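*Asks:* Would you mind keeping the following structure in view while I ask a few things?
The values are calculated or read from the model by the stated rules, or taken from the named source; none is laboratory data. A quick note: this is a predicted structure, and the numbers were derived from the prediction, not measured. For neighbour counting, all protein chains shown are included, and Cβ atoms are generated from backbone atoms with ideal geometry for every residue, glycine included. Areas reflect the complete protein model, heavy atoms only, side chains present, ligands, DNA and RNA absent. Shrake-Rupley method; radii C 1.70, N 1.55, O 1.52, S 1.80 Å.
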Amino acid sequence: MEQLMGNLKRQIIEALNLKHLKPEDIGDDQPLFVEGLGLDSIDALELIVLLQQHYSIKIENPQEGPKIFRSVKTIAEYITAHKPA
Amino acid sequence: MITHYCIIRDQNIVLDGKVIFSEKNSDLDAFLLNAYASLKVDYPKFYKMDNLSKLGFLAAEMLLKDRSLLNDYAPEQVALVLSNAHSSTDTDRRYTLSSRTAPSPALFVYTLPNIVAGEICIRHKIKGENAFFVAPAFDPALMADYTDMVMAGDTGASIGGWVDVLGGHYDVFLYLHEKNKAGLAEHTTGQLKELYNTTLWNS
């Protein structure tokens, strides 16, 4: 889980062009949207693409988005539970 | 009157004829990031912008350095008139490349030239008239005539000029025009042409 979260942080910084941040600047439980990293709806789309590209995971129900993308930890948990065998 | 002007060209940022940032031997991406860092502006969205928006953003920051237009004008009294030659082709190409694997939503939102105008307006809370022209080259007569027409009404100030980028090639000439202030030059076709073609800078 720790390694997965570290990879995710690097991938998020790259995909979302957060070049002012280092992986260690993003807390595992830090909210990604609004009051946390300040991500927006376009970033949410990028995160969906990221999951598809790097983890072959397609989010079938968009209503789940806010729950899945709440933090790096929740994304990692979702990947662990849904990664294709 | 033209109260300030900014040129970004040949790895230099020039404000009112004086070089205020210069970095040789860096590509455009690095040049823009280092210029932003040197300005000490806290605006994280800059990192997400495409290069066209970054160029326009930096030039506008220079024009409005240490000043808020809203101290002198209502948001609706400030106009923005921009132009360039390559529209958003620089980002269109990047988006097309990204489409080969997974189309990038973050790139897609910059596949229109007037997004740079939106970024400047959001940053400086500008809500006045705006226009973006695509032309083969900087057209001082078009800028002078159109901006004068816009400013014939209640508009008191406008940011105008040229913001162009394609690949590693870029050319920016942005100026602040204010109706009732003393300034550096008259807002005329001849003065715009002269300022745009300025090549002698003081460091």
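*Asks:* Under the definition of Cα pairs under 8 Å and six or more residues apart, what whole-number percent is the relative contact order of chain B?
*Replies:* Value for chain B: 34 percent.
*Asks:* Next question, about the same structure. Could you give the spread of the C-alpha atoms of the stretch B:82-150 along their three principal axes, from largest to smallest, in whole angstroms?
*Replies:* The Cα atoms of the stretch B:82-150 stretch 47, 30, 11 Å along the principal axes, largest first.
*Asks:* If you place +1 on the Cβ of every Lys and Arg and -1 on the Cβ of every Asp and Glu, how big does the dipole about the Cα centre of the stretch B:71-203 come out, in debye to the nearest 20?
*Replies:* 500 debye
*Asks:* Also, quick follow-up: Could you give the dipole magnitude of the protein assembly as shown about its Cα centre, charging the beta-carbon of Lys and Arg +1 and that of Asp and Glu -1, in debye to the nearest 20? Working shown, then result.
*Replies:* Values: 27 positive and 37 negative charges, 97 e Å.
Rounded to the nearest 20 debye, it is 460 debye.
*Asks:* Using only the Cα atoms, work out Rg/Rh for the stretch B:149-203, with Rh taken as the Kirkwood radius, to two decimals.
*Replies:* On the way: Rg = 13.4 Å, Rh = 13.1 Å.
Value, to two decimals: 1.03.
*Asks:* Counting alpha carbon pairs within less than 8 Å and at least 6 residues apart, what relative contact order, in whole percent, applies to chain A?
*Replies:* Once normalised by length, the contact order is 33 percent.
*Asks:* Under a no-solvent Debye model with one identical scatterer per Cα of the stretch B:17-137, what's log10 I(q)/I(0) at q = 0.11, 0.21 Å⁻¹?
*Replies:* Debye output, listed in q order: -0.42, -1.34.
*Asks:* Roughly how crowded by other chains is peptide B:47-55, in terms of the mean Cβ count from those chains within 10 Å of each of its Cβ atoms?
*Replies:* The per-residue average across the peptide is 2.
*Asks:* To continue, here is another question. How large is the accessible surface per residue of the stretch B:2-196, computed with a 1.4 Å probe and reported in Å² as a whole number?
*Replies:* Working: 8510 Å² over 195 residues.
In whole numbers, the stretch B:2-196 has 44 Å² accessible per residue.
*Asks:* Plugging the Kirkwood radius over Cα pairs into Stokes-Einstein for the protein assembly as shown, at a temperature of 37 °C and a viscosity of 0.692 mPa s, what D comes out in µm²/s?
*Replies:* After rounding, the answer is 159 µm²/s.
*Asks:* In bins 5 Å wide, starting from 0, what share of all Cα pairs of chain A does each bin hold, as a percent?
*Replies:* 3, 14, 30, 30, 17, 5, 1, 0
*Asks:* Karplus couplings for the stretch B:25-39 from phi (6.51 cos²θ - 1.76 cosθ + 1.60, θ = phi - 60°), rounded to Hz, Gly and Pro as x?
*Replies:* Couplings: 6, 10, 6, 4, 4, 5, 4, 5, 5, 5, 5, 4, 4, 5, 6 Hz.
*Asks:* May I ask for the net charge around B:N71, where only other residues with Cβ less than 13 Å from the Cβ of B:N71 are counted and Lys, Arg are +1 while Asp, Glu are -1?
*Replies:* Overall, the nearby charge balance is 0.
*Asks:* Counting only protein heavy atoms and rolling a 1.4 Å probe, how much accessible area do B and A lose on contact, total for both sides, in Å² to 100?
*Replies:* 1000 Å²
*Asks:* Roughly how many percent of the accessible protein surface of chain B is carbon and sulfur, given a 1.4 Å probe and a whole-percent answer?
*Replies:* Values: 4810 of 9220 Å².
Carbon and sulfur atoms account for 52 percent of the accessible area of chain B.
*Asks:* Moving on to the next point. Give me the net charge of A:P84's neighbourhood, meaning all other residues with Cβ under 14 Å from the Cβ of A:P84; Lys, Arg count +1, Asp, Glu -1.
*Replies:* Details: positive: A:K58, A:K83; negative: A:E60.
Around A:P84, the charge tally is +1.
*Asks:* Next question, about the same structure. With +1 on each Lys and Arg Cβ and -1 on each Asp and Glu Cβ, how big is the dipole of the stretch B:145-197 about its Cα centre, in debye rounded to the nearest 20? Please report the intermediate quantities before stating the final value.
*Replies:* Values: 3 positive and 8 negative charges, 22 e Å.
With Lys and Arg at +1 and Asp and Glu at -1, about 100 debye.
*Asks:* For chain B, state what percent of all Cα-Cα pairs lands in each successive 5 Å bin, counting from 0 Å until the bin that includes the largest distance.
*Replies:* The percentages, shortest bin first, are 1, 7, 17, 20, 21, 16, 10, 4, 2, 0, 0.
*Asks:* May I ask you to give the solvent-accessible area per residue for chain A, in square angstrom, as obtained with a 1.4 angstrom probe? Intermediate results must be reported in sequence, preceding the final value.
*Replies:* On the way: 4980 Å² over 85 residues.
Computed with neighbouring chains in place, this is 59 Å² per residue.
*Asks:* Quick one: net charge of B:D171's neighbours, Cβ under 15 Å, K/R +1, D/E -1?
*Replies:* Details: positive: B:R9, B:K54, B:K193; negative: B:D10, B:D90, B:D139, B:D164.
Cβ neighbours under 15 Å give a net charge of -1.
*Asks:* Let me ask something else about it. Once the Cβ-Cβ distance between B:K181 and B:A152 is put in as r, and R0 is 25 Å, what FRET efficiency do you end up with, to the nearest 0.05?
*Replies:* Efficiency computed from Cβ-Cβ geometry: 0.90.
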